[in-house]
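See structure below.
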Amino acid sequence: MKKLVALIALALLFAPVALGQARVPVADETRNRLTNQVIGNKEDTAATAAANTGTLVAYAKGALSLAGTTTDTTTDSVHGKIGTDTEMADNSLWDILVPAESTGITDVDISAFDYPNDYVAILTITPAAGQCLLDVAIDLDWNKTTTGWDTIATAGDTLDVCVTGKIDGTNQRGLLNGTQVTANGNGTLENNEDGERLAIGMVGVNETVVVRVKIDNERDDCEIPYRVTYRGATPTITPVEAGA
């Protein structure tokens with residue numbers, strides 16, 4: 001009997017606590033006595049600053065509000081500070097900040113262009129819509145085995161390279177010139193002349209850059225390997241395909 005009385009007494013003692021734990025607190029509860037008061041109410045006001053009276057629900061809602069939406073343009077949110085999906089062309093910060101590269105082969109097509117008299121386009125780089133490119137560099141190889149320029153050329157032939165860009169967004173204008181190369185005619189150019197690095201830097205939002213070559217004697221079509229390194233949204237890189 002004594003044990004039964006003791007059990008009833010314990011039940012009565014802890015019943016209010018158990019009932020209190022199960023009860024949903026009022027919105028924006030500031031007390032800290034019970035677990036449900038710490039967790040909070042789904043209607044709690046979002047809290048974006050730490051305080052001794054906030055609930056877990058309030059802080060969770062506050063954290064979501066600080067993140068913002070993918071279309072948020074105000075700097076009160078993380079999205080607003082970084083940029084909208086449209087502004088970032090749906091790219092992550094990793095895509096934009098980490099260097100990327102694209103490699104391939106472009107052609108000299110003597111049947112389609114006049115290389116002795118003009119600087120002819122061999123590679124075109126166009127930034128993604130609404131985006132600029134940073135730290136752009138273009139590497140070119142004149143010494144490709146069998147089909148490269150120095151193998152196709154005759155000793156004494158020369159090649160010049162330049163880069164143009166749409167400075168005003170419309171007209172191509174000269175940006176830089178490379179070093180003239182004189183052919184050996186057998187694919188044996190030395191390392192100080194068998195390639196070229198063209199450091200472009202930034203390419204503007206409305207700017208398309210074009211790599212061009214001028215060759216004093218047209219012997220035959222040839223292939224020029226290239227590598228483009230850059231930071232930013234993936235651009236469109238267009239090489240020339242001989243006979244296309």
Within segment 1-91, helices (runs of 4 or more DSSP H) holding 1 or more residues that are at pLDDT 75 or above: 35-39, 56-67
Has segment 230-244 got any residue that is in the same structural domain as I122 (by TED's automatic domain parsing), closer than 20 Å to I105 by Cα, in contact with a Lys or Arg (Cβ under 6 Å, 6 or more places away or on another chain) and buried (at least 18 other Cβ atoms within 10 Å of the Cβ)? no
Selected residue (criterion: nearest to the chain's Cα centre (by Cα)) from residues of segment 147-182 that are closer than 27 Å to R219 by Cβ and hydroxyl-bearing (S, T, Y): T164
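Picking from I224, I215, which residue would you name as being among the aliphatic types (A, V, I, L, M), farther than 19 Å from G130 by Cβ and in contact with a Lys or Arg (Cβ under 8 Å, 6 or more places away or on another chain)?
Criteria check complete, one pass: I224.
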Go through (1) among the basic types (K, R); (2) assigned to a strand (DSSP E or B); (3) surrounded by 16 or more Cβ atoms within 10 Å (Cβ to Cβ) one by one and return the number of the condition R227 breaks. (3)
Could you please give the count of residues in segment 33-50 that are surrounded by fewer than 16 Cβ atoms within 10 Å (Cβ to Cβ) and in contact with a Lys or Arg (Cβ under 7 Å, 6 or more places away or on another chain)? 1
Among the residues of segment 105-116, which ones are modelled with pLDDT of 95 or more and exposed (fewer than 14 other Cβ atoms within 10 Å of the Cβ)? D114, P116
Just the residues that are crowded, with 17+ Cβ neighbours inside 10 Å and within 27 Å of G243 (Cα to Cα), please, taken from segment 197-217. L198, T208, V209, V210, V211, R212, V213, K214, I215
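The values are calculated or read from the model by the stated rules, or taken from the named source; none is laboratory data. Note that the structure is predicted; figures quoted are calculated from it, not measured. Here the Cβ is made from the backbone with ideal geometry for all residues, glycine too, and neighbour counts use every protein chain on show.
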